[in-house]
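Each reported figure results from applying straightforward, stated rules to the coordinates on display, with no laboratory input. Predicted model, so just to flag it, every value in this text is computed and none were measured. Cβ sites come from the backbone with ideal geometry, for glycine too, and all protein chains shown count toward neighbours.
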């Protein structure tokens, strides 16, 4: 997969993404693994499946980070190199090696349950929200992430990782035939695997950061993908887990694929007395847009919903009074207002 990069950092009130932030503590479980590894296909496979099944209803995400073999990639290699340990399989909970073995599968499940339960009652410092959409026409996934700090932070060094996870059919040593490898770490949406900086130093509660990225050459169905966001801190050159969130990928329909969101327009009063909104580029389509007309006091005179427009203008009929009016076109997070004096 080739990575196409769109990277935007906006703080506090400069919020462009409308997605809801998940304000809960999450647990990240990841496995250092390889498709040729015999133990990864025996007790490692069992522990992986147990982790996924036991915590499917909890705020827990599992990641398979292949450090070599058929499913290795530059992102998974760099991801794995951040954590201590050699060989495979190695299981980490929030970045710490839990020293799992063939004889400790049940024990490690129970220990992890205690960690997950403990974090439920712990205060949340920062949360993540993610919107992820697969454009089926262009075979790209765009991910928009929003990080919100819900508590004051006196100091620290904070980063965001944004990753594509994929369920992949592939061989696995010690197992017969094609196997479904779940949540394989495939690609970073951002330029760096870890070091996409949010803020160094003090952060006030309510501060928001927005980051976006795109991955192309996506060939599987959307059901095979998830997008994972991880907030990292950095200590002594290593990235330490802070919080996470994972979401499914939605698809964009062919109609939506052609839509170009615009809020550029002009407005005038026709001889009939109606308002006419004239779009600067008739080839642009307004997706899920709303035009509202208010008088100078803020009273709503007319609201028109637009679900896709490919004409140059639209006439808005209403019982208008003389005086100043405000016409506002809202499309997604974009909003443009124009004033007009009606006669």
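Highest-first packing order for the peptide set 223-231, 82-90, 270-278 is 223-231, 82-90, 270-278, based on the mean count of other beta carbon atoms within 10 Å. Inter-label distance, residue 117 to residue 82: 2.9 nm, where each label sits 7 Å from its Cα along the C-beta direction. Between residue 297 and residue 109, what is 0.36 nm times their sequence separation minus the Cα-Cα distance? Round to one decimal in nm. So the extension gain works out to 61.5 nm. For Cα Rg over 2.2 N^0.38 Å, one of (1) 1.23; (2) 1.00; (3) 1.16 was computed from the structure I shared and the rest are decoys. Which label? This structure yields the entry labelled (1).
Applying 1/(1 + (r/R0)^6) with r as the Cβ-Cβ distance of residue 36 and residue 150 and R0 = 45 angstrom yields a FRET efficiency of 0.55.
Estimated at 0.36 nm per residue, the fully extended path between residue 20 and residue 220 surpasses their Cα-Cα distance by 69.3 nm. Classified by the C-alpha gyration tensor, the range 75-138 has an oblate form. Its axis ratio a/c, with a ≥ b ≥ c, is 1.5 or above, and a/b does not exceed b/c. In this label model, residue 326 and residue 278 are separated by 2.4 nm, measuring between points 7 Å along each Cα→Cβ vector.
Assuming R0 = 41 Å, can you tell me the calculated FRET efficiency for the pair residue 167 and residue 195, based on Cβ-Cβ distance, to the nearest 0.05? Efficiency, from the Cβ-Cβ distance: 0.90.
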